[in-house]
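Heads up: the structure comes next, in structure tokens.
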Amino acid sequence: MNTFDNQHIWHPYAKIPNEVPTYLVESAKGVYLTLEGGKRVIDGMSSWWSAIHGYNHPVLNKAIETQLGKMSHVMFGGLTHQPAIDLTKTLLKITPDHLTKVFFTDSGSVSVEVALKMVLQYWHNKHQANKQKFITIRGGYHGDTFGAMSVCDPDNGMHHLFSGVLPQHFFVKSPSIVSMNEALSDLEVVLKQNANSIAAMILEPVIQNAGGMRIYSPQYLLKAKALCEQYHVLFILDEIATGFGRTGRLFALEYANVKPDILCLGKALTGGYMTLAVTLTTDDVSNAVGTLMHGPTFMANPLACAVAKASIELLLNCPWQNNIANIEKILSAELLPLQKHTQVKDVRVLGAIGIIELTHEVDTQTIQKYLIELGVWLRPYGKLLYTMPPFIVTDGELLTITNAIKTIASRL
Ligand SMILES: *Cc1c(COP(=O)(O)O)cnc(C)c1O
């Protein structure tokens, strides 16, 4: 028991003292975390979608070490550096061509804040300052800061607590819950009535992640984008979780070839090494925005930029499509049959993401302890037991993860 930690350190979505025990990690290499006492577990979470190449990767270590010898950080106001320039070139090459401008931030939530700010300023400068609301589908998650929270699913807790402070936005039916046509007609009704006050729509493309791990048809993206254009509403895609191959495409927007006005990236951007996110946008938006009043102290941190570039190159230089297709094949073969369990409501697989939705909430503490005994690190929450392993996972390691999930499901 880490008594000191338990008494003094706040963990994510937790109280002090923490009700769920925290496990001390001594080191990590490849897909393995080594816990205090020497127990090794396979990280089936990729440290929340980010460690796509696994831990302690020699190429990524080298990128940071090389940059460290030059400088670890300089302010970005009035100064620039090669790691930021090189990473920007790389990002512009791999994202849709119409995205030409990059704003660096230090976390995904802040990249969403920047996206929202850009949009408000865009309409203000276009003399439509009444456009101050956002629209999104239910079941989404866009981060924990106030702007981001205000477009997260309104029933997931945070809204109740902060309802007096959070701006009220428009929530429409999610195509991951109702049919696509029903979701689209709901969207159209709300857009038609409120287009004068709606600045932008924000979506996680193809899969809603932390808000419920639900998948929806890429066709919805295309049609929602068309409606947004029709009603003069900007279109923001939040690929903080899905970017860099996770769904089987480099970016999930490629499933629909949809062209967002703004794109947020984070999480796997640095291969899980450092905190960094970006907000990409178009000439049209950046021209209208003008001066953007935002500038985090650690904006475009050179260590983070250097490792991000190395991580993207590592990804592009490996047969990632095959690796992820193989992970998807194994996840499907191993997990889809669990659908027949009475305790399992649904099983969903997309790219390197495997999700079991149970009929009732799980006891995270008990299941986690059991999973560790089985050699696997997962973080079940609510009714969800899911995995998004590092892309370097071997078939055998992946089977250890899926077998652990199967064991848990059979014991429920
Ligand atoms: C994790 C996440 C965020 C927030 O990113 P942080 O780096 O945790 O602030 C925003 N949007 C999506 C889709 C995410 O998965």
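The values are calculated or read from the model by the stated rules, or taken from the named source; none is laboratory data. In this text, all values refer to a predicted model and were calculated from it rather than measured experimentally. Positions of Cβ are generated from backbone atoms using ideal geometry, with glycine treated the same way; all protein chains shown enter the neighbour counts.
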* Cβ-Cβ under 6 Å pairs, at least 6 apart or on other chains, the stretch 144-157 side in the same structural domain as Ser174 (by TED's automatic domain parsing) and within 19 Å of Lys383 (Cβ to Cβ), far side within 13 Å of the ligand (Cβ to nearest atom) and modelled with pLDDT under 95 -> Asp153/Gly211
* To do: Report yes if Thr90 is touching a helix residue (DSSP H, G or I) at 6+ places or on another chain (Cβ under 8 Å), more than 16 Å from the ligand (Cβ to nearest atom) and polar (S, T, N, Q), otherwise no.
  => yes
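A quick yes/no check of all residues on (1) touching a Phe, Trp or Tyr at 6+ places or on another chain (Cβ under 8 Å); (2) of a type in the set (Phe, Trp, Tyr); (3) at pLDDT below 95:
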{"site": "Glu65", "(1), (2), (3)": "no, no, no"}
{"site": "Ser72", "(1), (2), (3)": "no, no, no"}
{"site": "Phe76", "(1), (2), (3)": "yes, yes, no"}
{"site": "Leu91", "(1), (2), (3)": "no, no, no"}
{"site": "Phe103", "(1), (2), (3)": "no, yes, no"}
{"site": "Ser111", "(1), (2), (3)": "yes, no, no"}
{"site": "Arg138", "(1), (2), (3)": "yes, no, no"}
* Leu87, sole failed condition from (1) of a type in the set (A, V, I, L, M, F, W, C); (2) crowded, with 18+ Cβ neighbours inside 10 Å; (3) outside the structural domain of Ala241 (by TED's automatic domain parsing) -> (3)
* Whichever residue in the stretch 70-124 is of a type in the set (Val, Ile, Thr) and in a helix (DSSP H, G or I) and, among such residues, is nearest to the chain's Cα centre (by Cα) -> Val112
* At least 3 residues that are closer than 28 Å to Phe251 by Cβ in each: list the helices (runs of 4 or more DSSP H) lying fully within the stretch 302-412 that qualify. => 302-316, 320-335, 395-411
* Only residues that are among the basic types (Lys, Arg) and under 20 Å from Thr242 (Cβ atoms): list them for the stretch 365-403, please. => Arg379
* Within the stretch 204-241, work out how many residues are more than 16 Å from the ligand (Cβ to nearest atom) and not aliphatic (A, V, I, L, M). => 11
* Among the residues of the stretch 242-255 satisfying the criterion of being among the aromatic types (Phe, Trp, Tyr) and closer than 18 Å to Gln219 by Cβ, which is nearest to the ligand (Cβ to nearest atom)? -> Phe251
* Ala308 being closer than 24 Å to Ile177 by Cα, assigned by TED's automatic domain parsing to the domain that holds Lys117 and at pLDDT 95 or above -> no
